[in-house]
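To keep things clear, I will list the structure first and then write my remarks on it.
The values are calculated or read from the model by the stated rules, or taken from the named source; none is laboratory data. Computed from a predicted structure; not experimentally measured. All Cβ positions, even for glycine, are placed from backbone atoms using ideal geometry, and neighbour counts span all protein chains on display.
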Amino acid sequence: MSSSPSASSRILNSTLASLVMSEDEAAALIQPDSQIGMSGFTGSGYPKAVPMALARRITDADLRGQRFQVSIFTGASTGPELDGALAKVGGIHMRLPYQSDPETRKRINAGEMDYMDIHLSHVAQYVEYGFLGRMDLALIEVTAILEDGRVVPSSSLGNNKTWVECADKIILEVNSAQPLALEGMHDIYYGLGLPPHRQPIPLTKPHQRIGSPYLDIPLEKVVAVVHTNTADRSSPFKESNDSSHHIASHMLNFLEWEVKKGRIPSSLLPLQSGVGNIANAVLYGLEAGPFQDMTAYTEVIQDGLISLLKSGKLVSASATAFSLSPSEAASVMSHIGDYKDRILLRPQEISNHPEIIRRLGVIAMNGMIEADIYGNVNSTHIMGSSIQNGIGGSGDFARNGYMSIFIAPSTAQKGAISTIVPMASHIDHTEHDVSVVVTEQGLADLRGLSPTQRARLIIENCSHPDYRPALRDYLNRAERLSFGKHTPHLLTEALSWHARYLRTGHMLPQATEA
């Protein structure tokens, strides 16, 4: 906790200044079994101090033999001071909508924590509609509080607008580590409404402003304000390897072909990219391509998008959060004012809104754990039952984008596992929502093809040569022996494809979305 003058000067409203207290005092206001909406999206803009203090309080309660758990709703993944700290003390009853913390994942898969995986575009409306019950508290990180009580949001917006509107009480963390120059970068739209009075969203261009740069806070709900001075979690991206370079090259050639055929403009359509090493490699590949005046309408601003902005090839980027490597985070945040006219941060109910995604014609590029030969994609589960992170926003963009592209290396675990399989062990994105599958081996454009045509193309273009003969053999026998010939499967054999990986103890790699 920091009590420096610079921290105090960020709270200009006298009513809220009178509520400043320590993180332990604020955590003491949180009751067992509370449902808490917390800020945070891909390690940006999440509260750091009060969750740690709450973890200490839960530990003390456990020592006294008293059960103390809370349910945590966020925008997406957070950091070790939130998910990690509360998971380690067994303090989370229910978690949604997306997580990437190792301890949280461990407890979910052990059956010790309930987890609801949900499309990111659905979270705010589920809370607003009352589907998830009463929200007791909103715990939100902000950059500063203005004289009239409005706040300058932090490095992510996520579901913060919904949390403060729906929660009974609010705790604010004012983080001096966030640059004051973030002021003006946000665009918070307040005109949605609820059915049957919901209004059209007046957004027709990726970088169009339609709302306010400030988050409105009902002052009567605020019960505590806490000073912090802690940087966001930032994780380094791996160096690009041959596999990611090949994937980027296939993507570049495909997009050039789409331009040549007249299906997309030379500036492309607005880009969406999931988070991760391969996604970044594709974005860096676009920098070397012929496209100019590109735009992005996505969830997160990651290193590859910053590089495209610096190059001038990307005109603007609309998202709901930053997700940067440590070196890029330090560089961007120290010069954040330079990006204010080119980056907009929106609530995720706008950044991931299906109708806007479809209206703008977004090109969706997301990672996957595996794809089957018919184009069904698993982006969440290992061997069908063990959650990795969650679906994130990939489904919002896959089903509604102009094109839905899924990307992964053709093998995992140093070649021990094929990521192209006869039947996906879990399906997040059906064949109806998948336009293109890309691995380092090649690209399969599935548009306009029947199931067996898709299967042959995916096997020949995307599977690794070591696994191609087995996949061909499976399809040939399935076409002869399966009950139906439209989507031929040998069900027992298809499922046994995964069982042999379980026997060897191999694990598939994680898909890194939002």
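So, in segment 316-335, of the ones that are assigned to a helix (DSSP H, G or I) and touching a Ser or Thr at 6+ places or on another chain (Cβ under 9 Å), which residue ends up surrounded by the most Cβ atoms within 10 Å (Cβ to Cβ)? Reasoning before the result, please.
Restricting attention to segment 316-335, the residues satisfying the condition of being assigned to a helix (DSSP H, G or I) are 326-334.
If we keep only those that are touching a Ser or Thr at 6+ places or on another chain (Cβ under 9 Å) as well, we get 326-330, 333.
On the way: P326: 14, S327: 12, E328: 20, A329: 22, A330: 13, M333: 20.
The extreme case among them is A329.
Let's see how each residue does on (1) in contact with a Phe, Trp or Tyr (Cβ under 9 Å, 6 or more places away or on another chain); (2) under 18 Å from I357 (Cβ atoms):
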site	(1), (2)
G274	yes, yes
V282	no, no
T298	yes, yes
G304	yes, no
L309	yes, no
A317	yes, yes
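Please pick out the residue among E147, E183 that is at pLDDT 95 or above, farther than 26 Å from H119 by Cα and either touching a Cys at 6+ places or on another chain (Cβ under 9 Å) or crowded, with 17+ Cβ neighbours inside 10 Å (or both).
Numbers: E147 fails: either touching a Cys at 6+ places or on another chain (Cβ under 9 Å) or crowded, with 17+ Cβ neighbours inside 10 Å (or both).
Going through E147, E183 in turn, the sole match is E183.
Given the structure, is L475 assigned to a helix (DSSP H, G or I) and either modelled with pLDDT of 95 or more or on the phi < 0 side of the Ramachandran plot (or both)?
Numbers: assigned to a helix (DSSP H, G or I): yes; either modelled with pLDDT of 95 or more or on the phi < 0 side of the Ramachandran plot (or both): yes.
Spelling it out, L475 is indeed assigned to a helix (DSSP H, G or I) and either modelled with pLDDT of 95 or more or on the phi < 0 side of the Ramachandran plot (or both).
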I217: passes all of (1) over 30 Å from A28 (Cα atoms); (2) in a loop (DSSP other than H, G, I, E, B); (3) touching a strand residue (DSSP E or B) at 6+ places or on another chain (Cβ under 7 Å); (4) among the hydrophobic types (A, V, I, L, M, F, W, C) but (1)
Sole miss for D466 among (1) of a type in the set (D, E, K, R); (2) surrounded by 19 or more Cβ atoms within 10 Å (Cβ to Cβ); (3) in a loop (DSSP other than H, G, I, E, B) is condition (2)
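Can you tell me which residue in segment 161-208 is nearest to Y46 (Cα to Cα), limited to those that are among the charged types (D, E, K, R) and outside any loop (DSSP other than H, G, I, E, B)? Before you say what the answer is, go through the steps one by one.
Our first condition is that a residue be among the charged types (D, E, K, R); within segment 161-208, this holds for 161, 165, 168-169, 173, 183, 187, 198, 205.
Right, trim to outside any loop (DSSP other than H, G, I, E, B) and you get 161, 165, 169, 173.
On the way: K161: 14, E165: 18, K169: 17, E173: 9 Å.
The residue in question is E173.
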Filter segment 436-450 for residues that are crowded, with 19+ Cβ neighbours inside 10 Å and among the polar types (S, T, N, Q); the one that is nearest to M383 (Cα to Cα) is T439
I30 vs (1) modelled with pLDDT of 95 or more; (2) part of a helix (DSSP H, G or I); (3) among the aliphatic types (A, V, I, L, M): all pass except (2)
Of (1) within 23 Å of the chain's Cα centre (by Cα); (2) surrounded by fewer than 22 Cβ atoms within 10 Å (Cβ to Cβ); (3) closer than 19 Å to I145 by Cβ, Y189 satisfies every one except (3)
When restricted to I36, I58, the only residue assigned by TED's automatic domain parsing to the domain that holds S121 and either assigned to a strand (DSSP E or B) or surrounded by fewer than 20 Cβ atoms within 10 Å (Cβ to Cβ) (or both) is I36
Just wondering, is there one or more residues in segment 340-353 that are surrounded by fewer than 24 Cβ atoms within 10 Å (Cβ to Cβ), more than 21 Å from the chain's Cα centre (by Cα) and at pLDDT below 95?
-> yes
Output for Cβ contacts, cut-off 6 Å, separation at least six or different chains, first residue closer than 23 Å to D303 by Cα in segment 24-48, second polar (S, T, N, Q) and not in a loop (DSSP other than H, G, I, E, B), reads S39/N160; F41/S156; S44/S156; G45/S156
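Scanning segment 147-160 for residues that are within 23 Å of the chain's Cα centre (by Cα) and part of a loop (DSSP other than H, G, I, E, B), which turns out nearest to N13 (Cα to Cα)? Quick ask: steps written out before the conclusion?
At the first step, the residues of segment 147-160 found to be within 23 Å of the chain's Cα centre (by Cα) are 152-160.
From what is left, the residues that are part of a loop (DSSP other than H, G, I, E, B) are 154-155, 157-159.
Values: S154: 18, S155: 21, L157: 21, G158: 24, N159: 24 Å.
The extreme case among them is S154.
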So, first residue assigned by TED's automatic domain parsing to the domain that holds L283 in segment 249-263, second residue surrounded by fewer than 16 Cβ atoms within 10 Å (Cβ to Cβ), Cβ within less than 6 Å, six or more apart or across chains; the pairs are V259/S266
Here is a check on your reading of the model: is R342 basic (K, R) and farther than 17 Å from G43 by Cα?
yes
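Give the residue that is surrounded by the most Cβ atoms within 10 Å (Cβ to Cβ), with candidates limited to residues of segment 369-409 that are part of a strand (DSSP E or B) and of a type in the set (S, T, N, Q).
Initially, segment 369-409 is screened for residues part of a strand (DSSP E or B), giving 370-372, 377-378, 381-382, 386-387, 403-407.
Those left that are additionally of a type in the set (S, T, N, Q): 378, 386, 404.
Details: N378: 25, S386: 15, S404: 28.
Selected residue: S404.
Can we say F254 is surrounded by 13 or more Cβ atoms within 10 Å (Cβ to Cβ), modelled with pLDDT of 95 or more and farther than 26 Å from Q125 by Cβ? Spell out how you get there, then give the answer.
Details: surrounded by 13 or more Cβ atoms within 10 Å (Cβ to Cβ): yes; modelled with pLDDT of 95 or more: yes; farther than 26 Å from Q125 by Cβ: yes.
Yes, satisfied.
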Only one of (1) of a type outside the set (K, R); (2) buried (at least 18 other Cβ atoms within 10 Å of the Cβ); (3) within 22 Å of A408 (Cβ to Cβ) does not apply to P213, and that is (3)
